[in-house]
Amino acid sequence: MSTGIKNGKHHTINICKVILFFLFIATPAISSFSRVIKDEKKWVIVIDAGHGGRDPGASGLISHEKDVTLAIALKAGEYFQQNIRNVTVIYTRKDDSTVDLRDRPKIANKANADLFISIHANWAQSKNIKGTETYIMGTAKDQQNLEVAMKENEVIYLEKDYSTKYEGFDPKSSESYIMFSTTQKVFQEQSTDLASRIQTQFRERVNRNDRDVKQSGFWVLYNTKMPAVLVETGFISNPAEEKFLNSKEGQDYLASSIFRACRDYLNSIDSKSGISYEQNQSPDQETDTTGAPVSRSNEVVFMVQITTTTTKTEIKPENFKGLKDITEINAQDRFKYAAGSFKDYSDAAQYRKKIKGAYPDAFVIAVKDNKILPLQQALELKNKMIIR
């Protein structure tokens, strides 16, 4: 702390806050890949290399799926770590080890991950079939999608007491897949967005045959608590595609495409809030969403916008997934609804993290006199008040 004299009065200045303010407005972006500042939130990405160890996965003429997926997974992780500073990459495996199918999503859930990407290579009876496809969790739309899921789920037969571990699930029984129709669909829209970005990268950057975004019942995607996709990087049963999957160039292109798609997805989330802050609070720690009453007149507060509608919605918990601290904000011909009210941006960012299970697309906004301010302007106003 330091003191200064202004108009004959002593004023206390918090030097740390002053330094942070000037770092905030003066520090340029470190690269074209991301916009980060000193106190950013860390994104957590879990990359799952399909199969491994005693489970070779699908086999081609010269390779096994488990080796292809590991190589692409490790390269994708390197792209994240080299190009985005505020990211933590977690691998379900980093070598030729065996990881039970049910443990892979558990690793992501335990890490409170923001994204889960499971990497695979496809197989078909015909050697002429080629291309990439990316799956999200859901009920198979046709027999072909179901067969892909069945083949990937067969790995559980290698595990002891698989029937008990997997709640009686039988990968070869179509009746078993009915259970996936009731799975939580909270992240379906976000998973579809990510999957579409991955397919676009494969098609436009790597010139792969685009077999589209699909859905089916993959156990590895079952019960994940974040946007999750299963990526089929190509057909190991197609000789030309198998050669590409095993080449350094092919693996680099596929890994960088996965990275770019995820980067663009994360940036789209970041752009809604303007800045991402580091999450210091543990997942099970409670956040006080109200604290001391915060005046919403003539004072900038930070809230978490959860939805926008063209019709007015009665403010009661049952209309907002149990949330009680809802504010209605008028914006021309639309009604915007925000949760929480915080004096500091970082508290609002932490609250967004807490409620993202109910509202995955929620983002932080700044409000003054029941009007939304640009975040940059609001942060500068807040920092000027601190410096005074």
Out of Thr233, Ile198, Gly250, whose Cα points farthest toward the positive end of the dipole of segment 195-255 (charges: +1 Lys, Arg; -1 Asp, Glu; placed on Cβ)? Ile198
Using a basic spin-label model with each label point 7 Å from the Cα along Cα→Cβ, how many nm lie between Asn267 and Asn207? 2.5
Return the long-range amide H neighbours of Phe218 (sequence gap of 5 or more, or a different chain), with a cut-off of under 5 Å between placed amide H atoms. Gly138
Given backbone amide H placed at 1.01 Å from N, residues whose amide H is under 5 Å from that of Ala121, ignoring those fewer than 5 places away on the same chain, are Thr233
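Just so you know, all these numbers are worked out from the coordinates, no wet-lab data involved. Because the structure is a prediction, the values reported are computed rather than measured. Neighbour counts are summed over all protein chains in view; Cβ atoms, including those assigned to glycine, are modelled from backbone coordinates with ideal geometry.
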